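Since the structure comes first, as structure tokens, the remarks are kept for the end.
The values are calculated or read from the model by the stated rules, or taken from the named source; none is laboratory data. These numbers come from a predicted model, not from an experiment. So basically every Cβ, Gly included, is an ideal-geometry build from the backbone, and we count neighbours across all protein chains shown.
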Amino acid sequence: MHRAAKIALMVAVDLLALPVCFLVAMLLRVGDAAAAMQYPMAAYLLVAVLTVGAFSLSDLYRAVIRFIDQRMLAVTGCTLALATLSVYLIMVGINDDKFPRSALVIYWFIAFSYVVTSRMTVRNFLRRHMNQAPQADHAVAIYGAGEPGAQLALTMRTSNQYRPVCFFDDKRALNERTIAGLRVFHTERLAETVRSLGVRSVIVALPSVSPQRLRDIMERLALVGVNTRILCRLLDLADGATPVHAVRDLKFEDLLGRQPVPPRPELFDRCVRGKRVLVTGAGGSIGSELCRQIVTLAPAALHLVDHSEFALYTIRQELLGRHPDMRISAHLGSVCSARLVERILQDHPIDTIYHAAAYKHVPLVESNIVAGLRNNVLGSQVIAAAAARFKVRTCVLISSDKAVRPTNIMGASKRIAELIFQAAAATHGHDTTFCMVRFGNVLGSSGSVIPLFQRQLAHGGPLTITHPEVSRYFMLIAEAAQLVIQAGAMAKGGDVFVLDMGEPVRIVDLARSMIVMSGLTEKTPQNPAGDIGLKFVGLFPGEKLYEELLTDGKVFPSEHPRIMRMKEHALDPGVLDTYITCLMLACDTHDRPMIESMVKAIVSEYTPQPNGTRPPDSPPDSPPDAPPLAMPPDKNRPALLRSFSPHRIQ
């Protein structure tokens, strides 16, 4: 039965029973049925209505009968007393001398006895009914002996998937106590209790647990060899959801080390609702999530651009399936094609552009620098120029933390893209607001470490890590899309927006957490019988040990407390155009030293790393790291490349 129907049924039964309770009280007071019936029916209904109102104030009707307790009954008794007092004051106010005031005291006792008896009877019936459910073989313990855990234990008795056997709790005062029919054990007795009771899984029933504490709990449970799951929401239990739906596996988001950053509604739809929006790279991880969030904000039209036919088809079908009446147009082609982009903007006036199209996989771009630079640099230049020409109101570039003091071509190409948008803001800022958003590593995006570890876990390992000390900032894919949308609303022109992502996460810690989340153990020299090992393979060419989000530029607060705004140094727009022209000419030669020299001329912070970094666990007699590639002289190399020096504006 639906929750609203249950409440309506309880109210109806009380409206019938409470007048009877008042009649019994009158009979006990006056001792004569005829005298008791002299009072009009309106008096009996008034008492019943006031009492039901008092019960509503005490949340008696909101309480789940299976979990009703002494505290709820005590609150109900107090509000019943208030209802009785209200009736007394009404009788005094109308100066009814014939009404026996002491009957109200008797009514309180009778009505309270009715409430306790009726609720306890129904509660005991439901609990006996739940105990008749077939016993499940999967023995589980519940971590957290509070109210959420008690509700979960009672709900599980209706399940044939789980069999709750005990509680674990950190509070010593609860040790050896009984809650919801289960014994509570202190967490110091985890190992012996798990073995003696045959516990296979532990469900964490702590709705407000912090990510750090959840990580600690998970690691403690992994040491005793049990799988960890987590309670979703108390509301699911109150609505009668089965334990299968109320309990879920741990996700890495639960262990992120910080709470997810929620969007601000007034910023979230400012550049989208009722606007005509264009998303480039719409079939990619970030682009597709952007589209999913945009369609929920009721844009006037949504245009998708991607060079992958399959990716474009997939996201278009998904969006149309969810919003069949929305105007969604798919454009197949590369953002490097100025003709394509200009034709789209000419045929379909656009208010907001989110430029997500880019190559972002560091090793692949490092070994294919020409394709990477053309796509990331030329594509950004085409988008910025077209946005300015057709007076698009807002244009947002999705950049990367690898653009800060880059050591690889991918990061350098994203920094050049930022410079392009900064130059466009300086030149065309009166018509179009240009801004940039820097991401950390997005969980679950294509090419990220999480899917790689998941595949390696599925194949029995090992998990490959480049270096023991490598660390990264992480953000949820929903956070990434929300950051992009909000940045456009807060931009003043030429801004760089960065999300406060807390502390960076060491990849080796992430790998170990994923091993534990899978219910496995790490194979180490101290534990050779473990399930999954770790393998350090050495830093990839151009890879950093750690990433940075901020440079030496000025940092300002934004309208969102967890989003920072920065002003970066920029290049003179005319000089930048010349640089990019020469960079594209260098790409035509496929001469890597020439290309790197040109990139260095544009991005002075770019420091290419030597190829072939030695793995950290290689033997001491391994050859030393190769020095950086020297740029050989070339008489055919344009003299202009050797004479460039950056001309920066602040």
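With respect to the conditions (1) assigned to a helix (DSSP H, G or I); (2) at pLDDT 90 or above, H245 falls short on a single one, namely (2). Every test in (1) touching a residue at least 40 places away in the same chain (Cβ under 8 Å); (2) hydrophobic (A, V, I, L, M, F, W, C); (3) touching a Leu at 6+ places or on another chain (Cβ under 8 Å); (4) assigned to a helix (DSSP H, G or I) is passed by C336 save one, and that test is (4).
Within segment 516-538, which residues are surrounded by 19 or more Cβ atoms within 10 Å (Cβ to Cβ) and either outside the structural domain of G411 (by TED's automatic domain parsing) or modelled with pLDDT under 80 (or both)? Those that are surrounded by 19 or more Cβ atoms within 10 Å (Cβ to Cβ) and either outside the structural domain of G411 (by TED's automatic domain parsing) or modelled with pLDDT under 80 (or both): V516, M517.
If you take the residues of segment 151-196 that are part of a helix (DSSP H, G or I) and basic (K, R), which of them is surrounded by the most Cβ atoms within 10 Å (Cβ to Cβ)? Walk me through how you get there before you give the answer.
First pass over segment 151-196, keeping only residues part of a helix (DSSP H, G or I): 151-156, 172-174, 187-196.
Those left that are additionally basic (K, R): 172, 189, 195.
On the way: R172: 10, R189: 14, R195: 11.
Selected residue: R189.
Please name all residue pairs, on different chains or six or more residues apart, with Cβ atoms under 8 Å, provided the first residue is in segment 482-504 and is modelled with pLDDT of 80 or more and the second residue is among the aromatic types (F, W, Y) and part of a helix (DSSP H, G or I). Short answer, once both residue conditions are applied: Q482/F268; I485/F268; Q486/F268; A489/F268; G494/F421. Applying the set (1) at negative phi; (2) at pLDDT below 50 to G612 leaves exactly one unmet item: (1). Counting residues in segment 197-204 that are part of a helix (DSSP H, G or I) and modelled with pLDDT of 80 or more gives one or more.
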